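The values are calculated or read from the model by the stated rules, or taken from the named source; none is laboratory data. Predicted model only: the values in this text are computed from it and were never measured. Because the Cβ atoms are built from the backbone with ideal geometry, glycine has one as well, and the counts that use them run over all protein chains shown. Note: areas computed on protein heavy atoms with side chains; ligands, DNA, RNA excluded. Shrake-Rupley method; radii C 1.70, N 1.55, O 1.52, S 1.80 Å.
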Amino acid sequence: MSIEEAKLIENENDTFLYKIIGRHNENYKLFYIGKCVEQKFSTRIFQKDHRLKQASFKNEHKKHRLMVSLGRLTENEKHKPTEISNVESLLIFAHSHDGYPYMKNIQCTLTHNVIKNYRINNNGWRKDKMYKIVAYGLHMTD
């Protein structure tokens with residue numbers, strides 16, 4: 001959805017993660033990955049610091065229309081603030097390399113503080129070429 005449409009979100013109680021994407025025709029660029037823990041997404045996306053980030057994205061990529069995609073965690077035990085921060089930091093870390101040159105996140109690009117095993121399956125929209133699976137730790141299979 002467009003950022004302007006975010007004002008119209010009615011049920012966002014289980015929205016904890018989001019990404020800002022630029023779209024020009026069928027070309028998508030991943031600009032930013034964020035989290036909402038103590039406030040709703042529709043509040044966070046319109047705060048002053050976020051408006052400044054959006055203005056920067058628009059200025060640098062004039063042909064691209066800004067859009068957002070919302071993320072939900074399917075495991076209830078992951079809805080704790082620390083767990084949400086861990087998922088966000090792993091997603092940022094995984095997408096902060098030459099394959100994603102438009103990412104504007106500053107924190108978690110060189111390191112993260114996650115000490116637990118995680119496997120994040122992205123079952124949603126991925127036209128911006130985000131990874132389908134991001135895993136960290138020791139994962140064993142039969």
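Between residues in segment 40-61 that are free of Cβ contacts under 8 Å to residues at least 60 places away in the same chain and under 22 Å from Asn27 (Cβ atoms) and residues that are buried (at least 16 other Cβ atoms within 10 Å of the Cβ) and among the aliphatic types (A, V, I, L, M), which pairs lie under 9 Å by C-beta distance while being six or more apart or on different chains?
Between residues of segment 40-61 that are free of Cβ contacts under 8 Å to residues at least 60 places away in the same chain and under 22 Å from Asn27 (Cβ atoms) and residues that are buried (at least 16 other Cβ atoms within 10 Å of the Cβ) and among the aliphatic types (A, V, I, L, M), the close pairs are Lys53/Ile20; Gln54/Ile3; Gln54/Ile20; Gln54/Ile45; Gln54/Leu66; Phe57/Ile20; Phe57/Leu66; Lys58/Leu66.
Test of understanding: among Tyr136, Tyr102, which residue is surrounded by 12 or more Cβ atoms within 10 Å (Cβ to Cβ), of a type in the set (Ser, Thr, Tyr) and within 23 Å of Phe57 (Cβ to Cβ)?
Tyr102 is the lone residue from the list that is surrounded by 12 or more Cβ atoms within 10 Å (Cβ to Cβ), of a type in the set (Ser, Thr, Tyr) and within 23 Å of Phe57 (Cβ to Cβ).
Inspect segment 65-72 for any residue being modelled with pLDDT of 90 or more and either open to solvent by 20 Å² or more (accessible area, probe 1.4 Å) or in contact with a Leu (Cβ under 8 Å, 6 or more places away or on another chain) (or both) and give the result as yes or no.
yes
Considering each residue of segment 93-141, count those that are of a type in the set (Ser, Thr, Tyr), modelled with pLDDT of 85 or more and closer than 28 Å to Asp49 by Cα, and give that number.
Going through segment 93-141 one residue at a time, the tally reaches 4.
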